[in-house]
Amino acid sequence: MAKRKLNKDELTAWLEDQPPQVSVAIATRSALRVLPLLNKALNRKKGERAQNIILPLFRGSAASWATVQFPDRSKEIRVSRAFIATAEAFNAASKVNSAVAGHAASAIYEAANSASTTFNTPDAGAAAAYLGVSATMSANMSSPTSRAELTDALEEDRSFITKDGNAADLARQPLWHNKRIPDVISLNWKELNSTFLHQMSNWEVWTAWYEARLKGSSGMEDLEIARLALPEEIWMQGPKVANAEIKRLEEEFRDGKPLTWGETAWGEGVWGGESEPSPEPGMRAEVVDGELELRRVNVPDEEVSDPLQQSLHQLALDRAKELFSALHQKRNYYPEIYKAVSGYLSAVDCPLSEVNVTTAWSDGSALMDFSEAYKRQDSNQTLSEPLEPGLQGLLSSFVNDHSGFF
């Protein structure tokens, strides 16, 4: 089979022409195809520490998938919280001495990133989706055959969408479109499954979930939402506690009982009585006359008048201007970075009270992703031009100041 190369510009342009949910669906399905390669992380890092890396990555995968499958229940899915947990797990996985596991974790991270950004900023969601697809290819660099099979599966996904399919329907399709699973994926999944069975931490709640994605299934909506709506304090206690809660939910669901957490029944949009946090600056979705509308949540007055926040705003703005100036002559080499910096400047080059928090957060997150992607790049990766050291330094400095600002 001939080796095929991912065309970055063509895929990104195609994603940007699709509804936002398509970017999430493409990124999520690509990530799920290489999820079994997390087995390499278990091989390198044994016991509870490895499980604590893998659980948030399963959670992020499930949140990204559910965002596409059940778009009207995004508040209950809490994809932003899942994305934060996934980001932390990705950072930990990247430090494990396994490039394959690191790339697989990167693909899952980018899928969650796409899910958390694409509905407010479709271009950022498409960029994250491309990086996720690219990471799946990098995870299989040692196997040209499986890279070609991944590319074929991606083209099958795109063909499905092109033939008047929608993202939710695509999410329900068999992961490999009823074709043979590549040997390297199948072998690692069998090993991962076997390892989980010996961990005694109810990992079958996730292996069964993944098998359902492999075969193609819409899932049981209330059960899928309840899984992701577990309180954060449950997730933070690791697989032993979180998986036990999910198993109990599954048993209640099978018995036809109301899904509960503790003594409180799972109600409409609320899990176990846990209150949602106060709205933060940015956009939020509200139901108006039966339809979702995006409403702006402004920067609170106390933050606008805070000298520290004002100083952090100015630092982020100055650093973005430096990066923009340095990129101007190289904009044709790094168009995706140039575009994100331009968007960021348009959002923050104003008084603090007028900052477009949604755009700044989305473009800032995209720039953080680009910084990480270029750091991991080598001659075998799909990004065509390595980032010059001076630009990498400016981009890293921007990331630090942006993180402080937000």
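Run down Ala340, Ala320 and say which single residue is within 21 Å of Tyr130 (Cβ to Cβ) and in contact with a helix residue (DSSP H, G or I) (Cβ under 9 Å, 6 or more places away or on another chain).
Ala340
Restricting attention to the stretch 73-99, report how many residues are at pLDDT below 80 and crowded, with 24+ Cβ neighbours inside 10 Å.
Residues flagged as at pLDDT below 80 and crowded, with 24+ Cβ neighbours inside 10 Å within the stretch 73-99 amount to 1.
Within the stretch 230-248, take every residue that is touching a helix residue (DSSP H, G or I) at 6+ places or on another chain (Cβ under 7 Å) and not in a helix (DSSP H, G or I) and give me the one that is nearest to Ser201 (Cα to Cα).
Gly238
What tally of residues in the stretch 214-229 results from selecting those that are under 21 Å from Ile54 (Cβ atoms) and in a loop (DSSP other than H, G, I, E, B)?
2
Restricting attention to the stretch 298-306, does a residue exist that is at pLDDT 80 or above, in a helix (DSSP H, G or I) and surrounded by 14 or more Cβ atoms within 10 Å (Cβ to Cβ)?
No: the stretch 298-306 contains no residue that is at pLDDT 80 or above, in a helix (DSSP H, G or I) and surrounded by 14 or more Cβ atoms within 10 Å (Cβ to Cβ).
Residue under question is Asp318, and the condition is that it be more than 24 Å from the chain's Cα centre (by Cα), among the charged types (D, E, K, R) and not assigned by TED's automatic domain parsing to the domain that holds Tyr130; does it hold?
yes
Just wondering, is there one or more residues in the stretch 149-166 that are at pLDDT below 80, on the phi > 0 side of the Ramachandran plot and surrounded by fewer than 23 Cβ atoms within 10 Å (Cβ to Cβ)?
Yes: the stretch 149-166 contains one or more residues that are at pLDDT below 80, on the phi > 0 side of the Ramachandran plot and surrounded by fewer than 23 Cβ atoms within 10 Å (Cβ to Cβ).
Is it the case, given these coordinates, that Ser362 is at pLDDT below 85, among the hydroxyl-bearing types (Ser, Thr, Tyr) and surrounded by 22 or more Cβ atoms within 10 Å (Cβ to Cβ)?
Answer is yes for this residue.
When you scan the stretch 10-38, how many residues do you find that are within 13 Å of the chain's Cα centre (by Cα), surrounded by fewer than 24 Cβ atoms within 10 Å (Cβ to Cβ) and hydroxyl-bearing (Ser, Thr, Tyr)?
Result for the stretch 10-38: 0.
Within the stretch 199-213, is there a residue that is of a type in the set (Ser, Thr, Tyr), under 21 Å from the mean Cα position of the chain (by Cα), part of a loop (DSSP other than H, G, I, E, B) and closer than 28 Å to Asp255 by Cα?
No, the stretch 199-213 contains no residue that is of a type in the set (Ser, Thr, Tyr), under 21 Å from the mean Cα position of the chain (by Cα), part of a loop (DSSP other than H, G, I, E, B) and closer than 28 Å to Asp255 by Cα.
Within the stretch 172-210, how many residues turn out to be surrounded by 14 or more Cβ atoms within 10 Å (Cβ to Cβ) and of a type in the set (Asp, Glu)?
2
Which of the residues belonging to the stretch 153-198 are in a loop (DSSP other than H, G, I, E, B) and within 23 Å of Arg73 (Cβ to Cβ)?
Listed by number, the residues that qualify are Gly165, Asn166, Arg172, Gln173, Leu175.
Among the residues of the stretch 68-86, how many are outside any helix (DSSP H, G or I) and under 15 Å from the mean Cα position of the chain (by Cα)?
1
Any idea how many residues of the stretch 119-139 are modelled with pLDDT under 80 and either surrounded by fewer than 24 Cβ atoms within 10 Å (Cβ to Cβ) or more than 21 Å from Phe58 (Cβ to Cβ) (or both)?
Total meeting the criteria: 11.
The values are calculated or read from the model by the stated rules, or taken from the named source; none is laboratory data. Being a predicted model, the structure only gives us computed values, none of them experimental. FYI the Cβ positions are ideal-geometry reconstructions off the backbone, even for glycines, and counts take in every protein chain you see.
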